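A.B. asks: Have a look at this one before I ask anything.
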Amino acid sequence: LRQEVSRREEAEQLRGQPKPRSPQGWGLLSALWYLTFYKPILTEGHLRRKNFEFIFIRFSAWQYSGCDKLWAGLVTTLCDSIRSHFGALPLSFYHVLGVPPTYASGFGQREWELKKGTCLKLWGSLLALAAGLAALLFALLSPGTKEHHQALKAVGSAVASVSGSGLALGACSVLKNLVVSEKRKIERLTNRQKFADQLGFMGKIRGEVEALVDFLGFMEVFERRRLRVVLEITSLELCLPEKVAGVLAAMGTLLADAHAPFIFLLAVDPGVIVPCLEQTGSMKGLADNGYLYLNRVVTLPFSIPPMGARSKLRCLRAAVGTREDLLYRLIASNLGKRQRPPQVGTEVPSPWQEIDSRAGACILQAFDCLHDANLPLARYLPTDGAHLRRIVNTIPITLRLLLHRARSSPRRGAEVGTVATSPLAAAAWVVLADRWPCRLSWALQCLEDAWQAGMAREVSAKSLWSLYQENLAELSALRQPLRNLLSLDGDSELFGSFLALDFPFGANHAHELLPVTVNLDHSIRHRMGLLRALDRLQRAVP
């Protein structure tokens, strides 16, 4: 992402766009000046900016598992990281003098508007202070009667005190926010007894988050680029069920604003998280189904497929690289790269650039297939907006992975290049995995068991629909332990027409598409395999 940011900034500067600036060094003084006297305006040109800055924040839930409220640790980590990134002084000034950005009323390009009220108050206070001090000096230095001097001293002292106290109060407010951070404020609230029962407690937390969002909007206009805060949440499986539900609720609180610049990367094992959610009271109204709850929280599912041979080798090398006695090899390799003279020649496009150019055309074709009412795929699209977003988010990733696999293995690409890597087939497979995850996982599990039993030649010519029909009776026998998973599926009759008539995917297609299927939870298939094995053991007992 950082490399992509650098590339986009160079492209924006070539287009004549102003260079981004940072609140560091002399830029800090400029930021404080704009914070004090100007109000930011979000124009159309700003919303069309292609250059971004990503603020990466890592939150390990296990480190905060000892807290009474784990979600409070998430919010304090967010506040502390943003404060550390931009500095305490700009954020303190914003809490006292800053105003949230507003949207432009038209297509104007003016991004700053003078805060006339603030300027009038400041200049009025300074003039009153100067007038009061002048009256005091005149009373002390000029000749006159004693009564006249006392009157001037009284008036000058009063005017100077009132105007000076206003300026001192503003300075003290900035100093207070500079010393007491947002993290400390939330910690004070949570340390109070029965803080959860306090009226307006969540409103105060929400107010701190909204202030951060408005500050990020101000810094977007000042830095001349879009900002995105990426929070990576890990180790949630190691926490208690109540705390797991609290973190997910905190994510919903932070994402309640549609314009909030937050991106959450929730790295969890659904096989562990779903039972935790089903044990808490947060499942009321969702039929005690943790999978439905996750589907409503996650907008881009990415289930990591089983590790391949190259990935295993890469992980092995990474594990060996952590050995201190072998680190000298890495140091020697980097030193050799530095001492190697650069070669001048024609720049050849990298494999990733070739894949990216091909993927762009394929993604557009796949989206055209979704919109074309004459194609059968349109009738299988869900009516729920969340599921549609999941499908739209998943299709580009699936196509890029397919093209990468086809290029890395020419034989594989030649075998399935006309079917599996076509935009229509890839889009149909994504829709199939999203609409019927349980039934598709059952067919894939039956196919995997047949391959492991040495029946690869027999099942290679079969379709997924025929495999599903042959094992439908066994699925019916296991419907009670799989009832939560079956509730994730759409209409069963549409599933039959999808696989039997419109998109008859075969076993070979499934073998090629399964490694790039990121929107299908693999823990469902693993649970089905365990239930099949237990059922066969029970039937084998006399």
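A.B. asks: Which cross-chain or sequence-distant (5 or more) residues have an amide H under 5 Å from the amide H of ILE55, H modelled 1.01 Å from N in plane?
C.D. replies: ARG228, VAL229, VAL230
A.B. asks: Is there a pair in LYS116/LYS176; LYS50/LYS204; LYS115/LYS176; LYS115/LYS185; LYS121/LYS185; LYS19/LYS185 whose C-alpha atoms are over 32 Å apart, and which pairs would that be?
C.D. replies: Values: LYS116/LYS176 26 Å; LYS50/LYS204 34 Å; LYS115/LYS176 23 Å; LYS115/LYS185 29 Å; LYS121/LYS185 29 Å; LYS19/LYS185 36 Å.
Beyond 32 Å between Cα atoms: LYS50/LYS204; LYS19/LYS185.
A.B. asks: Where does the charge balance sit around GLU10 when Lys and Arg score +1, Asp and Glu -1, over other residues with C-beta under 12 Å from its C-beta? Each step should come with its number before you reach the end.
C.D. replies: Numbers: positive: ARG7, ARG8, ARG15, LYS19, LYS50; negative: GLU4, GLU9, GLU12.
Cβ neighbours under 12 Å give a net charge of +2.
A.B. asks: With r defined as the distance between the Cβ atoms of GLU44 and ALA373 and R0 fixed at 41 Å, what FRET efficiency is calculated, to the nearest 0.05?
C.D. replies: After rounding to 0.05, the efficiency reads 0.80.
A.B. asks: Sticking with this one: Can you compute 3J(HN,Hα) from phi for each residue in segment 474-479, using the Karplus curve 6.51 cos²θ - 1.76 cosθ + 1.60 with θ = phi - 60°, rounded to whole Hz and x for Gly and Pro?
C.D. replies: Per-residue couplings from phi come out as 5, 5, 5, 5, 9, 5 Hz.
A.B. asks: Continuing with the same structure: Whole-Hz ³J(HN,Hα) for each residue in segment 241-254, computed from phi via Karplus 6.51 cos²θ - 1.76 cosθ + 1.60 with θ = phi - 60°, x for glycine and proline: what do you get?
C.D. replies: Result, ordered by residue: x, 4, 6, 5, 5, x, 5, 5, 5, 5, 4, x, 5, 5 Hz.
A.B. asks: Can you compute 3J(HN,Hα) from phi for each residue in segment 367-382, using the Karplus curve 6.51 cos²θ - 1.76 cosθ + 1.60 with θ = phi - 60°, rounded to whole Hz and x for Gly and Pro?
C.D. replies: 5, 5, 5, 5, 8, 6, 6, 6, 8, x, 5, 5, 6, 9, 5, x
A.B. asks: Next up: Tell me which residues come under 5 Å, amide H to amide H, from PHE264 once H is placed; ignore anything under 5 positions away on its chain.
C.D. replies: LEU231
A.B. asks: Multiply the residue separation of HIS259 and VAL99 by 0.36 nm, subtract the distance between their alpha-carbon atoms, and state the gained length in nm to one decimal. Walk me through the numbers on the way to the answer.
C.D. replies: Numbers: separation 160, 0.36 × 160 = 57.60 nm, distance 1.67 nm.
Stretched out fully, the HIS259 to VAL99 stretch lengthens by 55.9 nm.
A.B. asks: What does the charge count around VAL298 come to, taking other residues whose C-beta lies under 11 Å from its C-beta (Lys +1, Arg +1, Asp -1, Glu -1)? Walk me through the intermediate numbers first.
C.D. replies: Values: positive: ARG296, ARG389, ARG390; negative: ASP521.
Result for the local shell: +2.
Read the figures in this text as sums done on the coordinates, not as results from a lab. Bear in mind the structure is a predicted one, so any value in this text is a computation, not a measurement. No Cβ is skipped: glycine too gets one built from the backbone with ideal geometry, and neighbour counts run over all protein chains shown.
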